[in-house]
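Peer 1: Quick one: the structure is below, questions incoming.
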Amino acid sequence: MLTNQKVNSGPNFELWSEEQLHELHLASLKILENTGVVVHDAEALKLLKDAGAFVEENVAKIPAHMVEDAIKSAPSRVTITGLDEKKQLNLYRNNVYYGLGTDLPSFTDPYTGKIRETVLDDVINVGKVTQACDNIDFIASLGLASDVDQRMVDLYHLKSVRMHCDKPNWTTAVDADSLKALIDMSAVSAGGYEELRRNPTFGVYNEPISPLVYSEEAVQKLMMCAEYGIPSTWASGIIAGATGPVTLAGCLALGNAEGLGGLVIHQLKRKGSPFILGIVMSIMDMMTTVSSYASPEFIMAHAIVGQLGRFYDIPTYGTGGCSDSNVLDAQAGMEAAFTNFTAALGGTNLTHDNGYLGAGLIGSLSMIMLDDEVNGYIKRFMRSVEINSDTLALDLIHEVGHGGEFVSKTHTFQNFRKELYMPKHANRKQYQSWRMDGSKPIDKVIDERVIEIIESVKEPLLSAHEIQMYDEIIGEREAKIKVEGLSYV
Amino acid sequence: MSLFGNEIKEAIISLDIASVGQLTNKALADGVKPKQILDDGLLIGMAVVGERFKRSEMFVPEVLMAAKAMTEGLNIIKPLLAGEDAKGKGTVVLGTVKGDLHDIGKRIVAMMFEGAGFDVIDLGYDVKPEEFVSKVKETNACIVGMSAMLTTTMMQMKITVDALKEAGLYDKVGVMVGGAPLTVEYAEGIGAKYSPDAQVAVEVANNIVQ
Ligand code: B12
């Protein structure tokens, strides 16, 4: 009888102890209670006031019990399901998924490598490439198409990425009206609003303005998500040393306070609605003022968010697979690996921004493919090394004995695919055969595969009916914008 | 260079705010001309800081602290400067354009401009074209700077430039623009000068007023 057996089926990473998480939690509660948040929305202010917050003009000071109630009522598991319902994100505790980020104004042209304005065709290609990457679990627009009406760019994006990709969607919304249209489009594919609520197919990136300001537009989108059961974040894009303290703990406490304040509004609007906790905390580079997407501090902050999510038992938002480099070079590779690997260690459930170059300004199809490979390595690593009588293979070792070989054995044949990760793009050829193959570095290899994919995929995955309905919804919105003569924002 | 000037310069470089004030008062008491304190002490100190920033020996928070130190001295001598000297480098009107809530980049630019000796009026964010125009008119500004971080708000810059033209102010004021989605080409297209960051912005502004 074996007793007290403890098995590690992967690493047990912990940056902070539970005591430290608790200290952060109390600090965030104090910020919400003492300083409060500015809320530029009448309905949200009323919800807060009626539930016991101290509201003066548009500053709401939120007592701890309200925050703790919201933490309790938020679901501990959130799902986002693809149009192919087998592709489902089950966001809870240590279940980590990777996907893209949204809205990059510049894009790397797949043919010329030139960095230029993003167009809608790029977003369509994002769908094609992402569909081909089995280690990218969810999709977002990656680019911000400049060649369509910006007041409804999110609708074009959703249609375009869904054209060739049936994975779960992550998106921003231009405003509440546009969000309603995104919901309408998704209800078409889901077969109704109740179906969409039970099985949401997309989630929305909503955010406060650091420090401690909630804009009207963003709060309305947050509340609409709650109302329709569409998963939403309220992840502060706080920048240490610029919009938050340079000391990382203080910046996290502030970012967390901003997030929790949003959670309170969200849960007051509709208790039990799906929420994704996040702090997309970066640092400002003190030489260039750029808000870095891959600094070691950024990575630690996200690891703490993962822990915080388990502390609250609420799914979390992560960031990874992104780089400050403007091209797919050695730096991009290093940062893609570092950010995605630590996202896995930190256990952030919905890890977005794969495919991001140029510190959040440049999209790249090849970066998606590189991240796909990075994630393959990580997934293998996280399955760890299994030890049991079968994997120890003592009989085989004895049978082969001294000086034999293993390559031709049935045991090898039966196990190698499971045990070994087969790289998709990384080079393992030795120099002479690599040279005979054209001496291609990995970025060149990937660039060529990208072209193969975008040229070979033709048939849309959306049905003719869906396309027609999507176009109708987009058309209605277009007409409405024209009639109302809405300004750009 | 004069002894007091050197001391004030050193105090700025070592980010010693209190000493800059004390040394400035002392120099005045010793009969040194305000204009001389400005040129030989305060501005030279900031110029050295600017150089070190460029060489990555000093960083943004240190540059902003040096700017504070300089302002400490400047505030003391400002009322004493006469005629042409009192004008300083001129007034800059700054703001983030209509519909855009991104703020921190423009704030950093504002602080850097102050450090470079400009008078800065920061109109905040979500600033309408007519607000830029009326402030430029009211203050006789030499530069107007606009920030936009969204492709949806970028065209507010062109609208503002057009409004400046309409008001007959465009030829009297240097128009500067910045923000993540902008390009040199876009800026040139609307008749404005582009800066990718606050450091370059100071150089561009200095060129405009020279
Ligand atoms: C922080 C941030 C926010 C914060 C801003 C908080 C604040 N107090 O400012 C918040 C959360 C509010 C925010 C909101 C949104 N954001 Co935002 N945001 C950012 C982020 C991550 C960093 C910007 C930043 O502060 N950088 C640090 C500062 C110091 O640098 P900087 O702003 O570039 O400024 C420097 C230079 O540009 C220059 N400069 C700037 N202005 C000026 C002006 C003059 C005159 C001069 C000379 C120079 C100059 O000098 C500055 C100092 O060196 C960027 C990503 C990025 N890479 O830029 C996205 C980004 C700008 N946001 C983006 C988006 C899409 C949004 C939202 C629409 C998201 C949404 N759906 O809700 C909203 C829009 C809200 C609104 N109506 O404005 C996109 C923009 C895409 C586009 N081109 O249209 C970006 C690029 C991120 C992305 N790829 O998705 N955001």
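Peer 1: For the range A:127-148, enumerate the residues that are assigned to a loop (DSSP other than H, G, I, E, B) and within 14 Å of chain B (Cβ to nearest Cβ).
Peer 2: Initial filter on the range A:127-148 (assigned to a loop (DSSP other than H, G, I, E, B)): A:132-137, A:140-142, A:144-148.
Within the range A:127-148, A:141, A:144, A:145, A:146, A:147, A:148 qualify.
Peer 1: Hey, any hits in the range B:182-194 for a residue that's in a loop (DSSP other than H, G, I, E, B), touching a strand residue (DSSP E or B) at 6+ places or on another chain (Cβ under 8 Å) and farther than 30 Å from residue B:58 by Cβ?
Peer 2: First, the residues of the range B:182-194 that are in a loop (DSSP other than H, G, I, E, B): B:182-183, B:191-192.
So of that shortlist, the ones also touching a strand residue (DSSP E or B) at 6+ places or on another chain (Cβ under 8 Å) come out as B:182-183, B:191-192.
Retained after the next criterion (residues that are farther than 30 Å from residue B:58 by Cβ): B:191.
Yes, there is a match, as at least one residue in the range B:182-194 is in a loop (DSSP other than H, G, I, E, B), touching a strand residue (DSSP E or B) at 6+ places or on another chain (Cβ under 8 Å) and farther than 30 Å from residue B:58 by Cβ.
Peer 1: Okay, next question. Say we look at the range A:200-226 and pick out the residues that are near the ligand (Cβ under 8 Å from one of its atoms) and among the β-branched types (Val, Ile, Thr); which of these is least open to solvent (accessible area, probe 1.4 Å)?
Peer 2: Taking the candidates together, the pick is A:213.
Peer 1: Out of (1) surrounded by fewer than 24 Cβ atoms within 10 Å (Cβ to Cβ); (2) within 30 Å of residue B:64 (Cα to Cα); (3) not small (Gly, Ala, Ser), the odd one out for residue A:302 is which?
Peer 2: Every listed condition holds for residue A:302 apart from (1).
Peer 1: Please give the number of the condition residue B:132 fails out of (1) within 14 Å of chain A (Cβ to nearest Cβ); (2) outside any loop (DSSP other than H, G, I, E, B); (3) aromatic (Phe, Trp, Tyr).
Peer 2: (1)
Peer 1: Could you check the range B:98-122 and list, in sequence order, the residues that are over 21 Å from residue A:284 (Cα atoms) and within 10 Å of chain A (Cβ to nearest Cβ)? It would help to see each step written out before you state the result.
Peer 2: Taking the range B:98-122 as the starting set, the residues that turn out to be over 21 Å from residue A:284 (Cα atoms) are B:98-99, B:116-122.
Within the range B:98-122, B:98, B:99 meet the criteria.
Peer 1: Based on what the data block shows, is residue A:120 buried (at least 24 other Cβ atoms within 10 Å of the Cβ) and either touching a residue at least 24 places away in the same chain (Cβ under 8 Å) or within 11 Å of chain B (Cβ to nearest Cβ) (or both)?
Peer 2: On the way: buried (at least 24 other Cβ atoms within 10 Å of the Cβ): no; either touching a residue at least 24 places away in the same chain (Cβ under 8 Å) or within 11 Å of chain B (Cβ to nearest Cβ) (or both): yes.
When the stated conditions are applied, residue A:120 does not pass them.
Peer 1: Sort out for me the strands (runs of 3 or more DSSP E) sitting completely within the range A:47-126 that have 2 or more residues that are in contact with a strand residue (DSSP E or B) (Cβ under 7 Å, 6 or more places away or on another chain) and more than 16 Å from the ligand (Cβ to nearest atom).
Peer 2: On the way: elements: A:54-56, A:59-61, A:78-81, A:88-91, A:97-100, A:106-108, A:115-117.
Output list reads A:59-61, A:78-81, A:88-91, A:97-100.
Peer 1: Right, here's the next one. How many residues does the range A:238-253 hold that are buried (at least 21 other Cβ atoms within 10 Å of the Cβ) and under 17 Å from residue A:299 (Cβ atoms)?
Peer 2: Adding up the residues that qualify gives 7.
Peer 1: Which helices (runs of 4 or more DSSP H) sit wholly inside the range B:15-62 and have at least 3 residues that are open to solvent by less than 50 Å² (accessible area, probe 1.4 Å)?
Peer 2: Values: elements: B:17-29, B:34-37, B:43-54.
Correct list: B:17-29, B:43-54.
Peer 1: Is there a residue in the range A:254-265 that is open to solvent by 40 Å² or more (accessible area, probe 1.4 Å) and either within 15 Å of the ligand (Cβ to nearest atom) or free of Cβ contacts under 8 Å to residues at least 60 places away in the same chain (or both)?
Peer 2: We begin by selecting, within the range A:254-265, every residue open to solvent by 40 Å² or more (accessible area, probe 1.4 Å); these are none.
Taking every residue of the range A:254-265 in turn, none turns out to be open to solvent by 40 Å² or more (accessible area, probe 1.4 Å) and either within 15 Å of the ligand (Cβ to nearest atom) or free of Cβ contacts under 8 Å to residues at least 60 places away in the same chain (or both).
Peer 1: Continuing with this model, one more query. Being more than 10 Å from the ligand (Cβ to nearest atom), hydroxyl-bearing (Ser, Thr, Tyr) and within 14 Å of chain A (Cβ to nearest Cβ) is the filter here; which residues of the range B:163-210 pass it?
Peer 2: Passing the criteria: B:183, B:186.
Yes/no matrix, rows are residues, columns are (1) assigned by TED's automatic domain parsing to the domain that holds residue A:135; (2) open to solvent by less than 90 Å² (accessible area, probe 1.4 Å); (3) out of contact with any helix residue (DSSP H, G or I) (no Cβ under 7 Å at 6 or more places or on another chain):
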residue: A:413; (1), (2), (3): no, no, yes
residue: A:426; (1), (2), (3): no, yes, no
residue: A:430; (1), (2), (3): no, no, yes
residue: A:434; (1), (2), (3): no, yes, yes
residue: A:446; (1), (2), (3): no, yes, no
residue: A:470; (1), (2), (3): no, yes, no
residue: A:477; (1), (2), (3): no, yes, no
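Peer 1: Out of the residues in the range B:151-162 that are within 14 Å of chain A (Cβ to nearest Cβ) and open to solvent by 50 Å² or more (accessible area, probe 1.4 Å), state the one that is nearest to the ligand (Cβ to nearest atom).
Peer 2: To start, the set of residues in the range B:151-162 that are within 14 Å of chain A (Cβ to nearest Cβ) comprises B:151-160.
Then keep just the ones that are open to solvent by 50 Å² or more (accessible area, probe 1.4 Å); that gives B:155, B:158-159.
Working: B:155: 12, B:158: 15, B:159: 16 Å.
Selected residue: B:155.
Peer 1: Next question, about the same structure. What about residue A:270, is it in the same structural domain as residue A:351 (by TED's automatic domain parsing), in contact (Cβ under 8 Å) with a residue 40 or more places away in the chain, surrounded by fewer than 21 Cβ atoms within 10 Å (Cβ to Cβ) and within 30 Å of residue A:49 (Cβ to Cβ)?
Peer 2: So residue A:270 passes the test.
Peer 1: Would you point out the residue of the range B:63-108, among those that are at pLDDT 90 or above, basic (Lys, Arg) and open to solvent by 50 Å² or more (accessible area, probe 1.4 Å), that is farthest from the ligand (Cβ to nearest atom)?
Peer 2: Among residues in the range B:63-108 that are at pLDDT 90 or above, basic (Lys, Arg) and open to solvent by 50 Å² or more (accessible area, probe 1.4 Å), the one farthest from the ligand (Cβ to nearest atom) is B:68.
Peer 1: Another one. Take residues that are within 29 Å of the chain's Cα centre (by Cα) and in contact (Cβ under 8 Å) with a residue 24 or more places away in the chain and tell me which of the helices (runs of 4 or more DSSP H) falling wholly in the range A:427-489 contain 2 or more.
Peer 2: On the way: elements: A:431-436, A:442-456, A:464-484.
Per the criteria, A:442-456, A:464-484.
Peer 1: For residue B:148, only one of the following conditions fails: (1) open to solvent by 10 Å² or more (accessible area, probe 1.4 Å); (2) within 14 Å of chain A (Cβ to nearest Cβ). What is its number?
Peer 2: Evaluating residue B:148 over (1) open to solvent by 10 Å² or more (accessible area, probe 1.4 Å); (2) within 14 Å of chain A (Cβ to nearest Cβ) leaves (1) as the failure.
Peer 1: For the range A:272-316, which positions are closer than 16 Å to residue A:95 by Cα, part of a loop (DSSP other than H, G, I, E, B) and hydrophobic (A, V, I, L, M, F, W, C)?
Peer 2: The one that is closer than 16 Å to residue A:95 by Cα, part of a loop (DSSP other than H, G, I, E, B) and hydrophobic (A, V, I, L, M, F, W, C): A:314.
Peer 1: Oh, and also: Kindly evaluate residue A:229 against the criterion of being open to solvent by less than 20 Å² (accessible area, probe 1.4 Å), at positive phi and more than 15 Å from the ligand (Cβ to nearest atom).
Peer 2: Numbers: open to solvent by less than 20 Å² (accessible area, probe 1.4 Å): yes; at positive phi: yes; more than 15 Å from the ligand (Cβ to nearest atom): yes.
Taking the combined requirement at face value, the residue satisfies it.
Peer 1: Would you be able to say whether some residue in the range B:76-96 is within 14 Å of another protein chain (Cβ to nearest Cβ) and small (Gly, Ala, Ser)?
Peer 2: Taking the range B:76-96 and keeping what is within 14 Å of another protein chain (Cβ to nearest Cβ), we get B:96.
Imposing the further condition that a residue be small (Gly, Ala, Ser) reduces the set to none.
So far as the range B:76-96 goes, no, none of its residues is within 14 Å of another protein chain (Cβ to nearest Cβ) and small (Gly, Ala, Ser).
The values are calculated or read from the model by the stated rules, or taken from the named source; none is laboratory data. Keep in mind that this is a model prediction, so the values were computed, not measured. We place every Cβ from the backbone using ideal geometry, glycine too, and count neighbours over all the protein chains shown. Surface accessibility is based on the protein's heavy atoms, side chains included, excluding ligands, DNA and RNA. Shrake-Rupley method; radii C 1.70, N 1.55, O 1.52, S 1.80 Å.
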